[in-house]
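Structure first, commentary second.
The values are calculated or read from the model by the stated rules, or taken from the named source; none is laboratory data. From a predicted model like this one, the values you see are computed outputs, not experimental measurements. Here the Cβ positions follow ideal geometry from the backbone for every residue, glycine too, while neighbour counts run over all protein chains shown.
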């Protein structure tokens, strides 16, 4: 499940009668949705709609930053691939002459105000996704509940001519110039119901209003841009620096650790590479301690990059991070860059 604070508030107290596995079965497995969840969903829908309408009508204040803003997000909770897409956008915009920065909510971190993030920041404070982006791309990053304040802080500290808001489609307070909605191409919108009866933060029809709709995996529908995630091998998290191909573990048993919105995607990718996977799924943004990864043997432990940033402090030679790279058509990046120039 997502760490979206609005979703978390809604999932209490009624939805918390159900564990995460049960909710996933209701949302994506075709299981009948209990009345208590449908009742909470009926309360959520008008509140979400009214909030959006108040911002659209100008009755709630919005913040306009002095540089173009690209928002990357989704209308469903859970992992759709927003962070890999954000990192791909950073590289693509740099290649087209821009100096991008990133603003994020900082999910999983304890920071209460706006905070600058760099490659040495603590994910327990700044959040795992923000730390991953800073480490992997070396782009300027700031986190904060108020994305506008985080953006102002970042622009005062770094030279950026465009900002990417990672996971901010529902943060209507921040004005945006480009909206990118990421869709899970395999799970799509689940049962099509709003939280907590279903996985949707907004009605599925809302996806059609965004300038760009990116489909991660599965089959892209008309008007959607296909995105594929590629694994480039594994990198040692502890012990001597080294990199290995996944094929080096062909047919071997490995532990696979994923504390992301959709752990099944990570596990399936390792199996597709021929590995014999022992699955260990954790909650999204899980705060790991050594005991969580003590599996009582010496088998390799492969994990997502988002998990790895939180485990580097206690990792040994068994631990490996598995980077993924988002691949999208060049004309998509060209179109985004054109809209940014038009907004400059």
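Sort through 261, 208 and tell me the only one that's out of contact with any strand residue (DSSP E or B) (no Cβ under 7 Å at 6 or more places or on another chain) and under 30 Å from residue 294 (Cα atoms).
Numbers: 208 fails: under 30 Å from residue 294 (Cα atoms).
Going through 261, 208 in turn, just one is out of contact with any strand residue (DSSP E or B) (no Cβ under 7 Å at 6 or more places or on another chain) and under 30 Å from residue 294 (Cα atoms): 261.
Are any of the residues in the stretch 80-100 over 27 Å from residue 263 (Cβ atoms), without any contact (Cβ under 8 Å) to a residue 60 or more places away in the chain, in contact with a helix residue (DSSP H, G or I) (Cβ under 7 Å, 6 or more places away or on another chain) and outside any loop (DSSP other than H, G, I, E, B)?
The answer is no; no qualifying residue exists.
Of 37, 11, 16, which residue is outside the structural domain of residue 206 (by TED's automatic domain parsing), modelled with pLDDT under 90 and crowded, with 17+ Cβ neighbours inside 10 Å? Give the steps one after another, and end with the answer.
On the way: 37 fails: modelled with pLDDT under 90; 16 fails: crowded, with 17+ Cβ neighbours inside 10 Å.
Exactly one of 37, 11, 16 is outside the structural domain of residue 206 (by TED's automatic domain parsing), modelled with pLDDT under 90 and crowded, with 17+ Cβ neighbours inside 10 Å, namely 11.
Having 3 or more residues that are farther than 19 Å from residue 118 by Cβ is the bar; report the strands (runs of 3 or more DSSP E) wholly within the stretch 133-186 that clear it. Please lay out each step first, then the result.
Working: elements: 141-143, 162-166, 178-184.
It comes to 178-184.
Go through the residues of the stretch 262-269 one by one and say whether even a single one is outside any loop (DSSP other than H, G, I, E, B), without any contact (Cβ under 8 Å) to a residue 12 or more places away in the chain and over 16 Å from the mean Cα position of the chain (by Cα).
yes
How many residues, within the stretch 180-191, are touching a strand residue (DSSP E or B) at 6+ places or on another chain (Cβ under 7 Å) and surrounded by fewer than 19 Cβ atoms within 10 Å (Cβ to Cβ)?
Summing the residues that are touching a strand residue (DSSP E or B) at 6+ places or on another chain (Cβ under 7 Å) and surrounded by fewer than 19 Cβ atoms within 10 Å (Cβ to Cβ) in the stretch 180-191 gives 0.
In the stretch 143-163, is there at least one residue being at pLDDT 95 or above and closer than 30 Å to residue 222 by Cα?
Yes, because at least one residue in the stretch 143-163 is at pLDDT 95 or above and closer than 30 Å to residue 222 by Cα.
Among the listed residues 253, 321, identify the single one that is within 21 Å of residue 238 (Cα to Cα) and surrounded by 14 or more Cβ atoms within 10 Å (Cβ to Cβ). Quick ask: steps written out before the conclusion?
Working: 253 fails: surrounded by 14 or more Cβ atoms within 10 Å (Cβ to Cβ).
So the residue among 253, 321 that is within 21 Å of residue 238 (Cα to Cα) and surrounded by 14 or more Cβ atoms within 10 Å (Cβ to Cβ) is 321.
Among the residues that make up the stretch 71-91, is at least one of them in contact with a strand residue (DSSP E or B) (Cβ under 9 Å, 6 or more places away or on another chain), buried (at least 19 other Cβ atoms within 10 Å of the Cβ) and more than 25 Å from residue 217 (Cα to Cα)?
No, every residue in the stretch 71-91 fails to be in contact with a strand residue (DSSP E or B) (Cβ under 9 Å, 6 or more places away or on another chain), buried (at least 19 other Cβ atoms within 10 Å of the Cβ) and more than 25 Å from residue 217 (Cα to Cα).
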